[in-house]
Amino acid sequence: MTRFRHMMIRRIADFVWADARHQTMAWAMLATPEGATPAQVVAAAAAVEPNAAAILSSGRVISEGNSDTRRSLEFIVDTVDYYSVQRKLREIRSNLRSSSYAGESSSGTLAEEQLAAAQELQTRALELGKRLTSGQ
């Protein structure tokens, strides 16, 4: 497995998916052997999600003439990562606002841990946002 592919898989493993079908398709496609043809990758997705072809063709990556496949993949993963981080942040904010922390002795520690996680995620979101808007 190439270093690039391994790095992408590690990043994707941490995503919080808005649609479980997309997660299932992503893992099926990543499970294809390196060097698989695009048709084989789509077939792997279709094996786990009957609507895979329609879902995959509904998206589009706008690329410049000199953009390579690797950069396009990085852009897609950065975009999904950004929205995953946003979902994680919303979940933490919701947890902090909920009454589940009220009245528990460990709630202060848990809230501090959640705040620290939120701060790290916010930093990550800013980094991803800059990368996505600058094209780097």
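The values are calculated or read from the model by the stated rules, or taken from the named source; none is laboratory data. As the structure is a computational prediction, the values presented were derived from the model and not from experiment. When we count neighbours, we look across all protein chains shown, and the Cβ atoms used for this are built from the backbone with ideal geometry, even at glycine.
Scanning region 4-34 for residues that are surrounded by 12 or more Cβ atoms within 10 Å (Cβ to Cβ), without any contact (Cβ under 8 Å) to a residue 24 or more places away in the chain and not in a helix (DSSP H, G or I) gives Ala31, Thr32.
Within region 36-60, if we keep just the residues that are outside any helix (DSSP H, G or I) and modelled with pLDDT of 90 or more, the residue that is nearest to Glu91 (Cα to Cα) turns out to be Glu49.
Tell me, yes or no, whether region 71-83 has at least one residue that is of a type in the set (S, T, N, Q), part of a helix (DSSP H, G or I), modelled with pLDDT under 90 and not assigned by TED's automatic domain parsing to the domain that holds Trp17. Looking through region 71-83, at least one residue is of a type in the set (S, T, N, Q), part of a helix (DSSP H, G or I), modelled with pLDDT under 90 and not assigned by TED's automatic domain parsing to the domain that holds Trp17.
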